[in-house]
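**Q** Below are the structure tokens for one structure; questions will follow.
Since every read-out is calculated from the coordinates, none of them should be taken as a lab result. All figures in this text were calculated on a predicted structure; none of them were measured in a lab. Cβ placement follows ideal geometry from the backbone for every residue including glycine, while neighbour counts extend to all protein chains displayed.
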Amino acid sequence: VKRLLRAHLRSLSQSWRAIDTTRARLAAPDQLHSYYPDMPRKPKWRITADHLLWAVRYREVHRFYFTHGLDRIGADSSTSLPYNGSLKLVGARNFGPTTRTKYNYVGVLRDKALFGIFGEAMGHRVPRNVALLRGDTLLSLPGRTPAPLSELEALTGLDGFLKPLDGRQGRQVHRLRLEGGELLLDGEVTDCSALSMMLTVPFLLQERLSQHPRLAALHAPSVNTLRLVTMRAPDGFSVEPFAAALRIGAHGSTIDNWAAGGVIVGVDLSAACTIGPGFFKPGRGTLRMHHPDSGIALDGYALPFVHDAVEAAVRFHQDLPGLHTVGWDIALTPTGPVMIEGNEYWDTAIHMTTDPSFVARFRAIYL
Amino acid sequence: MARSIRRRLRCLLRDVTQIAELTRRTSPYPHIEGPRKSHARVGAELAYWRLRHGRLPSFYLAGGFDRRGTSLGQLQVRQDLLRIRDTRNHTSTSWTKFNYIAVLRDKQLFHLFASAHGHRVPGVIAYLDDATVRWTTDDVVQPTASMARPFDGFAKPLVGIWGQGAFRLELAAGEMRIDGRTAAMHDLLSRINGRYMLQERVVQHEACAVLHPHSLNTVRIVTAVTGHGPKVIATALRVGVGGSSVDNWGAGGIVAALDASTGCLKGPGRFRPDIGPEVDAHPDTKIRFDGHRVPHIEAAVSAVTRFHADLPSIHSIGWDVAITPAGPVVIEANDHWNVELHMLTDPGFAQRFVKASTQ
């Protein structure tokens with residue numbers, strides 16, 4: 001009885017929190033921008049009612065209400081899924097222990113250094129791990145020979161990315177390069193002592209990849225990656241591509257993450273081209289038919305090596321036993337696809353937004 | 001609700017039947033001296049344990065707790081140590097449920113991780129399943145059924161514990177030997193169930209080989225992460241018996257306590273309680289355990305503490321270290337290390353482990 005009561009109280013508290021956040025969100029004008037301003041829009045009371053119903057039903061704020069165009073009259077709300085709920089479904093199958101004892105292979109995806117070590121050894125193309133940095137110590141990879149951080153200045157031609165070893169969503173990712181004898185962090189001059197203050201947790205220094213000119217033309221400062229979701233078939237062995245989108249940096253940013261202000265656009269895997277329009281994350285912008293910086297049309301833009309990328313992702317996933325689904329970030333370089341990272345908790349909102357058939361296919365597998 | 005009650009009643013009934021059976025059973029360990037507790041006392045202790053912990057104690061008979069002079073308190077200590085080991089080791093590193101246990105459990109991942117971080121581990125010659133073999137030396141892939149390169153080492157399943165599924169494999173001039181016996185390709189294929197690796201044979205130091213030359217006799221070192229980094233909690237030497245190619249305690253091997261400061265074995269060797277008695281000398285080679293010196297212990301301790309520092313999110317690890325003429329080689333690491341082995345050979349172990357876990 002106590003357990004039942006506690007569960008009901010928790011559920012009530014979650015609903016109340018969701019309603020409260022929804023109320024605050026609806027009061028902030030910058031959160032209410034329609035992604036489809038030219039189409040007939042529901043009245044404000046209806047939008048408020050939709051949000052409150054969602055909060056009560058799913059105990060979470062509908063963060064992508066406008067992104068999915070649900071503010072349009074006649075919009076079909078079944079094309080949207082509760083975000084947290086869908087993430088839980090994705091995670092639940094991946095975090096299932098491989099054996100009766102509690103372990104799984106998620107660590108291979110989450111630890112970026114381990115991902116590189118494993119990927120390289122299994123014959124997959126991954127970015128080269130240069131070193132692990134923490135405080136004022138540099139550990140070269142492979143071999144982990146320790147050296148002072150000042151050794152960075154001796155790495156001629158250094159141009160790479162500093163990433164927290166188990167970071168997510170592009171948080172704390174910085175470009176580090178050596179130019180004219182000076183260390184540049186995200187384009188600003190720095191030195192080893194200032195850098196060591198930032199390195200409070202282990203960071204991986206990974207080589208920067210040069211992307212294919214077709215991708216660079218969209219937005220050159222960032223490596224624009226293909227997000228490809230692969231999923232294990234019901235037989236438990238074969239792996240198939242499930243959804244795809246292209247992530248493009250914007251406004252001069254060095255990273256392409258959606259959460260960090262990038263644009264996402266759907267990808268047709270069979271035709272190897274984009275299916276516009278592009279979408280910013282709520283609060284970062286709305287819908288775009290053209291890239292905001294390069295002005296290139298985001299619909300029907302041909303992408304190189306897409307079929308190779310699908311093959312590479314499927315092959316990599318087959319080497320990771322127990323993982324049901326992985327969201328791969330793949331750089332399309334002039335010489336072919338390179339697997340930058342794999343995510344066990346891939347962002348379902350990206351595909352809900354860019355792929356109209358995604359929700360139905362997702363429901364068929366998970367619900 | 002009704003289904004849950006039915007399930008609970010079924011479990012209770014099953015446990016009551018098991019308690020009755022265990023109470024009636026005669027002791028399977030003639031080497032353990034001393035009278036057995038009364039049937040009533042054994043039954044009461046088992047029932048008390050079942051009510052308190054929700055399941056029957058798995059180590060009750062194997063640990064000799066049905067003998068007079070033992071108490072349930074000692075069994076409780078074991079239970080506490082297992083709980084600390086498992087809860088601390090399987091804690092997730094972040095809000096998403098991941099940890100580094102797979103690095104220890106998957107032998108391929110372990111080898112890759114160790115090599116990349118500069119630790120000494122046995123070389124891997126090939127990866128194989130029942131269809132193909134990939135030789136790591138030149139990345140050549142060929143059908144397993146036609147593999148014919150010379151090899152002398154161990155075939156181990158990539159995922160496996162306690163030596164399950166591992167066997168010695170020798171390939172030379174068209175002849176194949178499995179665990180020392182001549183075999184044919186179909187024998188090999190029938191043994192390969194899943195993904196395997198061929199690991200080079202490690203040649204052990206004379207001081208270890210002299211105890212039992214047929215098995216690789218490894219040092220078991222338990223390290224735990226404390227506030228000051230990884231520290232050694234216990235050390236012991238595992239020795240094979242009766243010509244066996246493995247030294248595992250569960251597979252009939254002997255364990256002797258090892259003093260890490262001097263590198264000498266302390267006291268007698270011990271079989272697992274349900275397998276055999278205490279022995280002062282090795283039953284095959286007749287070499288006395290007490291005082292026998294094992295070389296390179298200091299280097300072995302240093303190697304495993306350095307290795308554990310690269311896996312700080314795993315609280316405690318049981319390392320199997322081979323002592324070679326050139327120094328220690330880490331054979332494997334276990335998150336699921338054997339608590340009883342150290343409880344029986346090292347009286348201060350439980351206290352040290354609990355202390356390290358609360359720091």
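**Q** Just order A:114-127, B:341-354, B:10-23, B:270-283 by mean Cβ neighbour count inside 10 Å, highest at the front, would you?
**A** The packing order, highest mean first, is A:114-127, B:341-354, B:270-283, B:10-23.
**Q** For peptide A:118-128, how many partner chain Cβ atoms fall within 10 Å of a residue's Cβ, on average?
**A** What the average comes to for A:118-128 is 2.
**Q** Return the FRET efficiency for the residue pair A:ARG214, A:PHE237: r is the Cβ-Cβ distance, R0 is 30 Å, and the value is rounded to the nearest 0.05.
**A** Calculated value: 0.30.
**Q** Taking the Cα centroid of region B:320-342 and of region A:148-174, what is the distance between the two, rounded to the nearest whole Å?
**A** Region B:320-342 and region A:148-174 have Cα centres spaced 35 Å from each other.
**Q** Quick one: net charge of A:ARG227's neighbours, Cβ under 15 Å, K/R +1, D/E -1?
**A** -4
**Q** Using just the helices of chain A, give the 222 nm mean residue ellipticity in deg cm²/dmol: DSSP H runs with n ≥ 4 each add -39,500 (n - 2.57), and the total is spread over all residues, rounded to 500.
**A** -9000 deg cm²/dmol
**Q** Something else about it: Report, in degrees rounded to the nearest 10, the 0 to 90 angle that the Cα long axis of helix B:39-53 makes with the longest principal axis of chain B.
**A** It works out to around 70 degrees.
**Q** Please determine, in degrees from 0 to 90 and to the nearest 10, the orientation of helix A:306-318 with respect to the longest principal axis defined by the Cα atoms of chain A, where the helix direction is its Cα long axis.
**A** Relative to chain A, helix A:306-318 is tipped by roughly 90 degrees.
**Q** Please identify every one of the trypsin sites (Lys or Arg not before Pro) in region A:1-108 that sits in a loop by DSSP and has no more than 14 other beta carbons within 10 Å of its own beta carbon.
**A** Taking region A:1-108 and a limit of 14 other Cβ atoms within 10 Å, the loop trypsin sites (Lys or Arg not before Pro) found are A:ARG100.
**Q** Can you classify chain A as rounded, prolate or oblate using the Cα gyration tensor, where a ≥ b ≥ c are the square roots of its eigenvalues, rounded means a/c under 1.5, and otherwise it's prolate if a/b beats b/c and oblate if not?
**A** It is prolate, given that a/c is not under 1.5 and a/b is the larger ratio.
**Q** I'd like the projected area of chain B, averaged over all directions, using the convex hull of its alpha carbons. Report it in nm² with one decimal.
**A** In nm², the orientation-averaged hull projection of chain B is 21.7.
**Q** Right, something else. Would you please classify the overall shape of region B:103-249 from the alpha carbon gyration tensor, given that a ≥ b ≥ c denote the square roots of the eigenvalues, rounded means a/c under 1.5, and beyond that prolate means a/b larger than b/c while oblate covers the rest?
**A** It comes out oblate by the Cα gyration axes.
**Q** Turning to a different aspect of this structure: Give me the net charge of A:LEU70's neighbourhood, meaning all other residues with Cβ under 9 Å from the Cβ of A:LEU70; Lys, Arg count +1, Asp, Glu -1.
**A** After counting each charged neighbour, the total is -1.
**Q** Let me ask something additional. As a footprinting exposure proxy, order A:ARG284, B:ARG52 by other Cβ within 10 Å, with the fewest listed first.
**A** Ranking A:ARG284, B:ARG52 by Cβ neighbours within 10 Å, fewest first, gives B:ARG52, A:ARG284.
**Q** Quick check: the angle from helix B:72-89's long axis to the longest principal axis of chain B, C-alpha only, nearest 10 degrees?
**A** The angle comes out near 40 degrees.
**Q** State which entries of A:LYS112/B:LYS107; A:LYS88/A:LYS163; B:LYS266/B:LYS286; B:LYS107/B:LYS231 exceed 22 angstrom in Cα-Cα distance in the structure shown.
**A** A:LYS88/A:LYS163; B:LYS107/B:LYS231
**Q** Pop out the ³J(HN,Hα) list for region B:329-340 in order, Karplus 6.51 cos²θ - 1.76 cosθ + 1.60 with θ = phi - 60°, rounded to Hz; leave Gly and Pro as x.
**A** In residue order, the calculated couplings are 10, 7, 7, 7, 10, 10, 7, 9, 5, 7, 6, 4 Hz.
**Q** Starting at the first residue of region A:214-225, write each ³J(HN,Hα) from the Karplus equation 6.51 cos²θ - 1.76 cosθ + 1.60 with θ = phi - 60°, in whole Hz, x for Gly and Pro.
**A** For region A:214-225, the Karplus-derived couplings read 5, 7, 5, 5, 5, 6, 5, x, 10, 7, 8, 10 Hz, x marking Gly and Pro.
**Q** I've got another one for you. Averaged over its residues, how many other protein chain Cβ atoms are within 10 Å of peptide B:114-120's Cβ atoms?
**A** Mean shielding count: 5.
**Q** Using the alpha-carbon centroid of each, what span in Å lies between region A:284-311 and region A:182-252?
**A** Value for the Cα centre distance between the two parts: 16 Å.
**Q** Considering amide H positions built from the backbone, and no H for Pro or chain starts, which residues 5 or more places from B:THR136, or on another chain, come under 5 Å of its amide H?
**A** B:ALA126, B:TYR127
**Q** Here's a follow-up. Between region A:10-31 and region B:139-202, what is the C-alpha centre distance in whole Å?
**A** 61
**Q** Choose one answer from A:VAL239, A:VAL326, A:VAL56: the residue with the largest mean-square fluctuation in a GNM of chain A with alpha-carbon springs under 10 Å.
**A** Its mean-square fluctuation being the largest, the pick is A:VAL56.
**Q** Expected output is a single nm value to one decimal: the length gained when fully extending between B:ARG288 and B:MET185, i.e. 0.36 nm times separation in residues minus the C-alpha distance. What is it?
**A** Going from the current span to full extension adds 33.0 nm.
**Q** Between A:GLU341 and residues 5 or more places away or on another chain, which pairs have amide H atoms under 5 Å apart, with H built 1.01 Å from N, and which residues are they?
**A** It is A:ASP329, by chain and number.
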